[in-house]
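What follows is calculated from the coordinates using simple rules that are stated; it is not laboratory data. Just so you know, these numbers come straight off a predicted model, no measurement behind them. Counting neighbours? That spans all protein chains shown, and the Cβs are built from the backbone with ideal geometry, glycine included.
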Amino acid sequence: MLLFAHRGLHAQAPENSLASFDAAIALGVDGIETDVRLSADGLPVIIHDRVTPRRRAIAELTRREIEIDVGHAVPVLDEILEAYGDVIWNIEIKNPEAWPAAAPVLAHYARDRRIIVSSFRHDIVKRCADELALDCALLVAHRPLDVAALIGGCAGNACIKTVVWDYNIVDHEALLAVADSGWQNYVYGAVTPEEHQRCIRLALGGLITDFPQMVLEQRA
């Protein structure tokens, strides 16, 4: 099971900052999950929330204005891919507006970096698979009535081969349906030690967590 630090190791540094990525890598994770939004000055900035702590929309602020609001440096996509080549990057595209800025950066690093592109916007996932042929994943926050239909909607595109489930909706039947289709199951959102242990027992392809040390302790 691949272990991803969710937005870096933000127990030690601000989430989605270079310091949080440094800390996660030093801890020994396999990969890092991070988020891309579009700033007002057209940059694919690495930030999760739609608004800053001052309740101003990321889309309406320049990178510098975002940094002032959050109180720390905010990297952009090309900076993190350039700086960290030895980890797997799970790049979540937060909205369609971010894709045109993110796509050329992802294309540039596609050969030299291990990248998985994910989104709750499955139209973005399909666009990424079609345009860049990168490994892609469907983020899912609800339990679909028909898992086969979810997978079937991506039939014919070999680049889309992973479902990333919210821990709250994971069940054995759904995981089995994905695995039987030849896809991988990832999970995000485990919190307690018991939840992390359950994820280990489920033989997932990957786990995205705010608490990677809970898994690393089991590996030791």
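Some points to look at:
- Neighbour net charge for Tyr167 - beta-carbon separation under 13 angstrom, K R +1, D E -1: -3
- Local net charge near Ala83, Cβ-Cβ under 15 Å (Lys/Arg +1, Asp/Glu -1): -4
- Centroid-to-centroid separation of segment 1-72 and segment 135-201 [C-alpha atoms, Å]: 24
- All other residues whose Cβ lies under 14 angstrom from that of Gly42 are scored, Lys and Arg at +1 and Asp and Glu at -1, for a net of -2.
- Rounded to the nearest 20 debye, the dipole magnitude of segment 2-219 is 180 debye, with +1 charges on Lys and Arg beta carbons, -1 on Asp and Glu beta carbons, and the Cα centre as origin.
- Relative contact order, percent, segment 2-219 [alpha-carbon distance under 8 Å, six or more residues apart]: 18
- Placing a pseudo-label 7 Å from each Cα along the Cα-to-Cβ vector at Ala19 and Val51 gives an inter-label distance of 2.6 nm.
- Taking the helices alone, the chain has a mean residue ellipticity at 222 nm of -10000 deg cm²/dmol, built from -39,500 (n - 2.57) per DSSP H run of at least 4 residues and averaged over all its residues.
- Per-pair calculated FRET efficiency, R0 = 35 Å: Asn95 and Gln213 via Cβ, rounded to 0.05: 0.65
- Estimated distance in nm for a label pair at Gln197 and His142, the labels positioned 7 Å out from Cα along Cα-to-Cβ: 3.4
- Identified option (computed Cα extents along the principal axes in Å; candidates (1) 54, 39, 34; (2) 51, 36, 32; (3) 46, 40, 35): (3)
- Neighbour-count ranking [beta-carbon atoms within 10 angstrom, fewest first] of Leu77, Leu38: Leu38, Leu77
- Ordering Gly206, Ser39, Ala190 by the projection of their Cα atoms onto the charge dipole of the chain, which places +1 on the Cβ of Lys and Arg and -1 on the Cβ of Asp and Glu, puts Ser39 at the extreme positive end.
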